[in-house]
Amino acid sequence: MTDCLIEERPEPGVLLLKINRPEARNALNTQVRVALAEALSRAETDHDVRAVVITGDTTTFAAGADITVVAEETPMGMYRLAFHKLWQVVADFPKPMIAAVNGYALGGGCELALHADIIIAGEGAQFGLPEVKLGIMPGAGGTQRLVRAVGKYRAFRLLMTGDIIDAETAAEWGLVSELAADDEVLETAVKMAVKIARLPPIALEHIKETVLLGADLPLQSAIALERKSYHMLFDTADQKEGMSAFLDKRKPHFRGE
Ligand code: CO8
């Protein structure tokens, strides 16, 4: 298989996944989607991976679904391609995931960024869900994740016009966790991943699960979910380590136990 997705370990605890189809603006063809799902499945059970950074290249994060793959598809053809199952692996990935976005994040590329827990964007990044211009609509959670991220009126503006917004606007809308100079995006994302990778992974997974699941639950149920996770963390060695390190005035060493 050609390296349509490059895997690197830039720092201890950090897995970097680079989408690598520059000739097609990193469009997400079947090969990239399968490689991404496989890499994340492996990372899920790899204790050496504590945070993942997903990125593209300096001009494009990803320009969406590969239009050449789906242009002639039928509904049953789309169903059989089973992209939704591959997206589910991304959605279910339990560890911290950071999108490092340079250039275009369009359509499925924007939806991929919306699956991340943190988005670091370069000043030249551009976000959009232009599917309507192709006669379709977002199909990887974009309608739902975008409205949750930026609210109804900003979401419809993008969804109904197919307009692309620049990084500054995206940041103002709350679609970006941190803006960086274009040539510092990856470094910023990896640094943040390193910081996260040094924190207790069981607590991080429970924070992620509670925020994402809780957002779709009634408030009382979400708070109960938070309480159960909070109590459970007192059964981890990392809780003992974190608190005793604080009391001993030393740096904690979290082992993920
Ligand atoms: N699919 C296939 N090929 C693409 C794509 C794409 N999405 N984007 C770019 N390419 C190709 C171009 O065809 C071109 O190929 P070639 O050199 O052979 O002519 C090459 O990449 C370079 O592209 P451009 O010449 O267009 O480069 P520009 O710098 O002028 O423009 C853009 C870059 C703005 C990114 C432009 O290419 C563009 O608008 N791309 C399409 C963006 C788009 O419409 N994305 C939405 C796709 S639909 C989608 O994502 C649905 C998601 C639902 C997923 C759910 C599945 C279950």
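The values are calculated or read from the model by the stated rules, or taken from the named source; none is laboratory data. Remember, it's a predicted structure, so these values are computed and weren't measured experimentally. With ideal geometry, Cβ positions are generated from the backbone for all residues, glycine too; neighbour counts draw on all protein chains shown. Note: accessible area is taken over every heavy atom of the protein model, side chains too, but ligands, DNA and RNA are not part of it. Shrake-Rupley method; radii C 1.70, N 1.55, O 1.52, S 1.80 Å.
Numbers at a glance
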read-out	value
With DNA, RNA and ligands ignored, accessible area of I6 (1.4 Å probe; Å², nearest 10)	50 Å²
Lysine pairs with alpha-carbon atoms under 25 Å apart, the chain, spacing 8 or more or separate chains	28
Percentage relative contact order, the range 123-257, counting C-alpha pairs under 8 Å, at least six apart	19 percent
Where Rh is the Kirkwood radius over Cα pairs, Rg/Rh for the range 60-104	1.06
Theoretical ellipticity at 222 nm over the chain - DSSP helices of four or more residues, -39500 (n - 2.57) apiece, nearest 500	-14500 deg cm²/dmol
Cα-based Rg of the range 4-110 normalised by 2.2 N^0.38 Å, two decimals	1.07
Proximal charge balance of A43 [Cβ under 10 Å; K/R count +1, D/E count -1]	-2
Share of carbon and sulfur in the accessible heavy-atom surface of the range 5-197 [1.4 Å probe, %]	54 percent
The chain, relative contact order in percent, only Cα pairs under 8 angstrom and at least six apart counted	17 percent
Probe 1.4 Å, protein heavy atoms only - accessible area per residue of the range 201-248 in square angstrom	69 Å²
Dipole moment magnitude, nearest 20 debye, the chain about Cα centre, only Lys, Arg, Asp, Glu C-beta charged	700 debye
Listed residues L15, S229, G108: farthest to the positive end of the dipole of the chain (Cβ charges)	S229
Sorted peptide list for 110-120, 143-153, criterion being average Cβ within 10 angstrom, highest first	110-120, 143-153
Hydrodynamic radius (Kirkwood) for the chain, which is based on Cα pairs only, to one decimal in Å	19.1 Å
The range 201-248: C-alpha pair distances exceeding 12 Å, %	64 percent
Residues whose placed amide H lies under 5 Å from that of N20, excluding near-sequence neighbours	L5, I6
Accessible surface, the range 5-197, averaged per residue in Å² (probe 1.4 Å)	47 Å²
Dipole of the chain, positive direction: furthest Cα of A215, G141, A82, with charges on the beta-carbon	A215
Computed accessible area, F254, all protein chains, 1.4 angstrom probe, square angstrom	30 Å²
